[in-house]
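Have a look at the structure below before the remarks.
Here, each number is a calculation from the coordinates, and none is a lab measurement. Keep in mind the model is a prediction, meaning the values are calculated, not measured. In this analysis, Cβ positions are derived from the backbone assuming ideal geometry, glycine residues included, and neighbour counts consider all displayed protein chains.
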2 protein chains.
Amino acid sequence: MNNIAWLNALETPFLLIDEFRFQRNIDRLYQRTEALGSRVRPHLKTLRSIEAGRYLLKDANSPATVSTLAEAEAFAKAGYTNLLYAVGIAPHKLPRIANLIRNGVNIHILLDSAEQAQAVVDFARANSVTFSVFIEIDCDGHRGGIPPESDALLALAKQIDGNGATLTGLLAHAGESYACRTDEAIRAAARAECEAINTAGRRVRALGIACPELSVGATPTAHFAEDLTGVTEVRAGVFTTFDLVMKNVGVCTLDDIALSVVSTVIGHNREKGWVFIDAGWMALSRDRGTASQAKDYGYGLVCDLYGSPYNDLCVTITNQEHGIITLPVDSGLAVDHFPVGTRLRILPNHACATAAMHQHYQVLKSHRNAQETWQRITGW
Amino acid sequence: MNNIAWLNALETPFLLIDEFRFQRNIDRLYQRTEALGSRVRPHLKTLRSIEAGRYLLKDANSPATVSTLAEAEAFAKAGYTNLLYAVGIAPHKLPRIANLIRNGVNIHILLDSAEQAQAVVDFARANSVTFSVFIEIDCDGHRGGIPPESDALLALAKQIDGNGATLTGLLAHAGESYACRTDEAIRAAARAECEAINTAGRRVRALGIACPELSVGATPTAHFAEDLTGVTEVRAGVFTTFDLVMKNVGVCTLDDIALSVVSTVIGHNREKGWVFIDAGWMALSRDRGTASQAKDYGYGLVCDLYGSPYNDLCVTITNQEHGIITLPVDSGLAVDHFPVGTRLRILPNHACATAAMHQHYQVLKSHRNAQETWQRITGW
C-alpha cells in the first residue's frame, strides 16, 4: 500500500510535481530529438531548480539554457559548465558573465545589435576575457533578433568573432508557435525556424567563421519538428511539466501535466454556487494564458487530490489568497460535494508563471509515492 | 547634492519603494480615518515586510491584518500582538493559530459558516484554547460572508461566543468598490459597507454578546467614507504604495504611486518601434488589472529613472524575462531615445501582485536619497 498521507498533511497551498509524468515528458522530447539527430539544450526557467535540473542534465558539460544570471550562477555552483543565457545581454551584466568565465564556466551570451557587440568587444579588451556569443535570428517576427538574410547579420558576425569574442552559434526561437491552432501550423513553424537558422548559418560560415552551434526551439516546434538537419540543438522549457496552454496548443494531453497546486476548501457561497479555496493568485499566478485560446480554463482546472480532473470545473476568480471555483449549473455538482477542509489539485494555465509564485516544490516520487522537496532559485 | 548613483548601480530588475510617497500615503489615510473617529487596521499583504510594517504599526499592540499565517508568525516574532488573519479559516490551520495564542499573540480568525464554527469549537475544547473570532458579513455580494439581516448570523454568533471562542468582531469588505467608476459610486459603497456592519452589529449585540469590533474596509471605501459612526476600525492594504488600478479608480494620482520596478533597456526592434527591457512578467507580474478599466496601461507605465512618466508609454507585451515597450506612432519618440543600457522605472498595474514577484525591495529614503533594503515574508 503506497502512502500519500503527506498530501493531506502539508500546509496548503503548495506546489506539487508528479515525478512520473515529469520523467515521461523528459524522455519523450529527448528520445524524439535524438532520433532526429540533434540534442536538447533544456531551458531551465520553468522550475529554476537544481534538483529538477539533474533529471535533464546528464553530466557537467550537458548544454542548458537559463533566463537569469541568478540561475547561471546557481547551476555553475552546482557544477554545470555549459550554460546559454538566452536574454539579450545588457552591458552592465558583463562583469558577472566574466566572473563565471574566470571560474571555468562555458557561458554563452546572446545579442542582436552592433551596440551590444561593441560593448562586449570593449569590455573583453579592457578586461582580458573572451566571451562566447550567440547571435539571435528572427524567424517569425515574434520578439527580437535579426533576419537571416540581412546584411546586418554578416556585419555583426564579423564585428564579434575574433574581437574578444567567439561566435559560438546562432539562435532562433519560434515564439509565434504558441499561437498555432493546428498541428500542421506548428509543423510549418518548425520548418520555418529550421530554415531560418540554416540560412543564417550558411551565410555566416561562408565568411569563414566556424559558428558551430545552430540552436532552435520553443516547446511546440520542438515536439512537432520532422527534420532537424543542420540543427545542432533544440531548446524547450515548459515541456517538463506542461500546462493547460500547451494542452490547448495540442502539444500534450491533460494527463501529461506534471505540475499542480494543492489547495484546501475554506468556504462556500451557496447562492452563487461558489467554492472558496486557499489558493488565490499568490499560489496560482495571475496568468490567464488560456483566455485567448479555444478552451478557457479560468485560473486553472480543478482535480481531486489524486489528480483526476472534474469536467469543466475551473477556478474562475482569484484574489490574493482566495480562489473561487464556480460550479457549472449543469454539472450536477453542489457545494456540499466540497466540504470545508477538502483538498483539491489545480492544474495551471502556465507552469512557468505558477512555479514562479513558489520558493519550493513538493515532489510526488514515483517510488512508493514518497515525498521530496526541491528548492527554486529566486531573484536575478 | 543628493546621491542616487545606487539606482544606476544595482542589478536590474529590482523593486523600488519611494519612502517619501509611502509615508505621505500612510499619513493621508491615518489622519483621515482618525478625524472620522475610527482607526486603521492596515492590511500588510501588499509588501509583507516587517520593515514596511514599522511605518504602520506604532506599538506592539497596534492592530494589523494579514493574509497568511506566514505573515502572522513573522509579525508575531517581530513583537506584534494584535493580528487579524482575514481569510476564512480552514480547520487544519487551527494548530498554528493555537500556537500563536499560547505565545501571547492576540490573533483573530475569520469565518462565515456553521461548519467552520463547529471545527473551531471542537478544537478549542479538545485543546483547552480560546479563539478570538470575527464573523464575515457580506455587504456587496463580492465574495464570502453572510448577510447582515440573516438568521444565520445570529445562529453563528450564538454557536461561537462562549464556546471555546470569543466573538471579537464583525468584518465587511466592499470588494466591489474596486470596480467603481465615479467618486459618488465609491461613497455609496462606503455607506453600504458601514450600514451593513452596523446593522449586523446591532443584531448581534441585541443577543447580549459584546462583539466590540466592527471592521470595514477596502482601499477605495477607506478613502471616500464620510461617516464612520459605529465603525471601530478600517482595513486597507494597497494604499501605502497605490498603483495604476487605484489611479484609475480615482483614489490616487500617478504622483502618489510609491512602488516601481527599475529595469534596463536590452535591445530594440526598429521596424516595430519596440524597446526591450529586462523586466518581464517575472518582475512586473502577469496582473492586467487596468485591462478592464477606462485607461489600459498594459503591463505598466514607463517613467524615467527619476520617476517622471512618459505620456502613454507602456509595457505592452511581456515574456518571462523580457518586457516590450511599444512606442506610440504619434509620440515623437524613436527607439534611439532609449539606447541599450538606459534605465527606466515601470509603475505597476497592481502593487500587491508586482511586490509578490520580489523577495526584497530597495527603498529610496527621503533623507539624502539613501538606500535601504526591506525583506519580504514569503510562503504560507
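Quick check: net charge around B:Thr68, other residues with Cβ under 11 Å of its Cβ, Lys/Arg +1 and Asp/Glu -1?
Every neighbour counted, the sum reads -1.
Tally Lys and Arg at +1 and Asp and Glu at -1 over the other residues with C-beta under 12 Å from the C-beta of B:Gln293: what net charge comes out?
Around B:Gln293, the surrounding residues sum to +2.
May I ask you to evaluate 6.51 cos²θ - 1.76 cosθ + 1.60, the Karplus curve with θ = phi - 60°, for each residue of region A:42-55 and list the ³J(HN,Hα) values in order in whole Hz, giving x for glycine and proline?
Karplus-based 3J(HN,Hα) across region A:42-55 equals x, 8, 8, 5, 5, 9, 6, 9, 4, 4, 5, x, 5, 6 Hz.
Let me know the mean shielding of A:67-73 by other chains, meaning the per-residue number of their Cβ atoms within 10 Å of its Cβ.
Going residue by residue through A:67-73 and averaging, the value is 2.
Within a 10 angstrom radius of each residue's Cβ in B:370-378, how many Cβ atoms of other chains show up on average? Whole number is fine.
Other-chain Cβ atoms within 10 Å of each residue's Cβ, averaged: 1.
Out of the DSSP beta bridges found with both residues in chain B, what percent are antiparallel (nearest 5)?
50 percent
For region A:38-108 and region B:302-371, what is the centre-to-centre distance using only Cα atoms, to the nearest Å?
Their Cα centres are 27 Å away from one another.
Where the convex hull is taken over the Cα atoms of the protein assembly as shown, what is its projected area averaged over directions, in nm²?
Across all orientations, the protein assembly as shown yields a mean hull projection of 33.2 nm².
If Lys and Arg each add +1 and Asp and Glu each add -1, what is the summed charge of the other residues whose beta carbon sits under 9 Å from the beta carbon of B:Asp256?
So the environment of B:Asp256 carries a net charge of +3.
I need the peptides A:305-316, A:72-83, B:106-117 ranked by packing, meaning the mean over residues of other C-beta atoms within 10 angstrom, with the highest value on top.
B:106-117, A:72-83, A:305-316
With a bin width of 20 angstrom, please list the P(r) values of chain A as percents of all Cα-Cα pairs, from the 0 bin to the one holding the largest distance.
So the P(r) values, bin by bin, are 28, 52, 19, 1.
Using modelled backbone amide H atoms (1.01 Å from N, in-plane), which distant-in-sequence or interchain residues come within less than 5 Å of B:Val87's amide H?
Distant-sequence amide H within range of B:Val87: B:Leu110.
Of the peptides B:86-95, A:168-177, how do they stack up when ordered by the mean number of other Cβ atoms within 10 Å, highest first?
A:168-177, B:86-95
Say a paramagnetic label sat at a point 7 Å from the Cα of B:Leu207, along Cα to Cβ; which residues of region B:125-152 have their backbone N under 14 Å from it?
Residues passing the 14 Å test: B:133-137, B:146-152.
Using a label point 7 angstrom from Cα along Cα-to-C-beta, what distances in nm, from shortest up, separate B:Asn99 from the other copies?
3.6
Quick one: compute the contact order of region A:37-240, relative version, from alpha carbon pairs under 8 angstrom and 6+ residues apart, as a percent.
Rounded, it is 20 percent for region A:37-240.
Placing a label point 7 Å from Cα toward Cβ, how far apart in nm is A:Ala70 from its equivalents in the other copies, listed shortest first to one decimal?
When each copy's label point is compared with this one, the spacings are 1.3 nm.
Which value in deg cm²/dmol, rounded to the nearest 500, describes the helix-derived mean residue ellipticity at 222 nm for chain B, given -39,500 (n - 2.57) per DSSP H run of n ≥ 4 and division by the residue count?
-8500 deg cm²/dmol
Rounded to whole Å, how close does chain A get to the rotation axis onto B by Cβ? Give me the residue too, please?
Output: A:Arg286, 2.
Taking amide H positions as placed 1.01 Å from N in the peptide plane, with prolines and chain starts having none, which residues 5 or more places from A:His360, or on another chain, fall under 5 Å of its amide H?
A:Arg376
What ranking do B:204-210, A:118-124 get when scored by the average of other Cβ atoms within 10 Å per residue, highest first?
Result, highest mean first: A:118-124, B:204-210.
7 Å along Cα→Cβ for the label point: how many nanometres lie between B:Arg54 and each equivalent label in the other copies, listed shortest first?
Ordered by distance, the counterparts are at 4.0 nm.
Other chains near A:84-91: what is the mean number of their Cβ atoms within 10 Å of each residue's Cβ?
5
Between B:Leu305 and residues 5 or more places away or on another chain, which pairs have amide H atoms under 5 Å apart, with H built 1.01 Å from N, and which residues are they?
B:Arg345
Among bridges DSSP assigns within the protein assembly as shown, what percent are antiparallel (round to 5)?
Roughly 50 percent of the DSSP beta bridges within the protein assembly as shown come out antiparallel.
Using Cα pairs closer than 8 Å and at least 6 residues apart in sequence, work out the relative contact order for chain A, in percent.
Result for chain A is 20 percent.
When the Karplus curve 6.51 cos²θ - 1.76 cosθ + 1.60 is applied with θ = phi - 60°, which whole-Hz ³J(HN,Hα) does each residue of region A:286-291 get, with x for Gly and Pro?
8, 5, 10, x, 7, 4
Over the Cα atoms, compute the radius of gyration (one decimal) and Dmax (the largest Cα-Cα distance, rounded to a whole number) for region B:37-240, in Å.
16.2, 51
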